[in-house]
Amino acid sequence: MLTRRHILASALAAPAILRLGTGTAHAATTLKISHQFPGGTIDKGDFRDRLTRKFAEEIAKRSGGDLVGEVYPNSSLIKTNAQFSAMRKGALDLSLYPMPYAGGELPETNIGLMPGLVSTYDQGLRWKDQPVGKALTDFLADKGIMLITWVWQAGGVASRTRPLLAPEDAKGLKVRGGSREMDMVLQTAGAAVLSVPSNEIYAAMQTGACDAGITSSTSLISFRLEEVAKHLTSGANASYWFMLEPLMMSKAIFDKQPKKHQDIILSVGAELEAFGKQGAQADDVEVAKVYEKAGAKVSMLDAGIVAKWRDIARDTAWKDYSAKTPLAANLLKLATDVAA
């Protein structure tokens, strides 16, 4: 039986090929869509996987089968950290990709997980139509990346040993933060940090290399971290951790498409943003139920605790990021102008 978190092995191993036949002789254009998250179906499983499948289904429908989407979950096509570079080179068509994972290559992308900067979904999604969104999309386009679907996710903490709620709780813990800037905040709070993608947190916690992992509510569920955690800090009510995980496309591949296909890609991508927000918010609620059922103790972040993390971030991560490049400084200024 297919469930939310336990997927049939066949769904994991094979790409989802979504096409609609037209009865014509010409070959369809195949777009390969990669991501690091567990595979499922268009109706069940990790909402990020479902979003890519909905995207593939809809572009096939609207193009009459001229565009074909193949979804490769679990980094089965390209390893997690290599997906961004592959898109820039035109070696990968699309990926639903946590933007800060590209921070080593393009430090400006770490704006997508700046602790305390975004505090609500609506605030993050407003970026798209604000100057910060234009500056970010123009920068990425210049570097070979198109933003197709804006997806934000709030995060929480799974911990093996003790709750990690306020900054003072971090002292002495080994914590996965998710970005260079989050790591700076954690280190200031007294934690040791390690840098691994979210699909490797389970193994790190299982072996003891990691005491606590901060990641999105969806990843806290999909990667079954409740199996190795005794405590959950939920960001359902408030969070200092909001990550931008958009569906991205190689600009080189996008530019090769006829105008009618480009229009389909962009319109379907934009329409899926409501689904992304709904999926993320549903998992913010669901994660507490999953962890309580597994016997973990659940704690909730509130505005006061978030403010403590933001104060540290302003003095450390925000200043460090602003000093990276003139564009980084401008992105941060523009982002702070978008009200919560």
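The values are calculated or read from the model by the stated rules, or taken from the named source; none is laboratory data. What you see is a predicted model, and the numbers here were worked out from it, not measured in a lab. Note that we place each Cβ from the backbone using ideal geometry, even for glycine, and neighbour counts take in every protein chain shown. These area figures cover heavy atoms from the full protein model, side chains too; ligands, DNA and RNA do not enter into them. Shrake-Rupley method; radii C 1.70, N 1.55, O 1.52, S 1.80 Å.
Is it fair to say Leu113 is open to solvent by less than 10 Å² (accessible area, probe 1.4 Å) and in contact with a helix residue (DSSP H, G or I) (Cβ under 9 Å, 6 or more places away or on another chain)?
yes
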Residue match in segment 50-58 (condition: touching a helix residue (DSSP H, G or I) at 6+ places or on another chain (Cβ under 8 Å), assigned to a loop (DSSP other than H, G, I, E, B) and either open to solvent by 70 Å² or more (accessible area, probe 1.4 Å) or at pLDDT 60 or above (or both)): no
Per-region count, segment 212-238, residues more than 18 Å from the chain's Cα centre (by Cα) and crowded, with 23+ Cβ neighbours inside 10 Å: 4
Odd one out for Ser95, checked against (1) open to solvent by 10 Å² or more (accessible area, probe 1.4 Å); (2) of a type outside the set (A, V, I, L, M); (3) over 28 Å from Gly304 (Cα atoms): (1)
Single match in Ala141, Ala166 (criterion: surrounded by fewer than 16 Cβ atoms within 10 Å (Cβ to Cβ), touching a helix residue (DSSP H, G or I) at 6+ places or on another chain (Cβ under 8 Å) and in contact (Cβ under 8 Å) with a residue 24 or more places away in the chain): Ala141
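Inspect all residues belonging to segment 151-159 and state whether any of them is open to solvent by 40 Å² or more (accessible area, probe 1.4 Å) and at pLDDT 95 or above.
To start, the set of residues in segment 151-159 that are open to solvent by 40 Å² or more (accessible area, probe 1.4 Å) comprises none.
Checking segment 151-159: not a single residue is open to solvent by 40 Å² or more (accessible area, probe 1.4 Å) and at pLDDT 95 or above.
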Per-region count, segment 270-303, residues open to solvent by less than 70 Å² (accessible area, probe 1.4 Å), in a strand (DSSP E or B) and not hydrophobic (A, V, I, L, M, F, W, C): 1
Qualifying residue in segment 226-242 (condition: farther than 30 Å from Asp302 by Cα and of a type in the set (Val, Ile, Thr)): no
Residue in segment 304-315 that is outside any helix (DSSP H, G or I) and either in contact with a helix residue (DSSP H, G or I) (Cβ under 7 Å, 6 or more places away or on another chain) or small (Gly, Ala, Ser) (or both) present: no
Output for segment 61-92, where each listed residue is in contact with an Asp or Glu (Cβ under 9 Å, 6 or more places away or on another chain) and surrounded by 24 or more Cβ atoms within 10 Å (Cβ to Cβ): Gly69, Val71, Pro73, Phe84, Met87
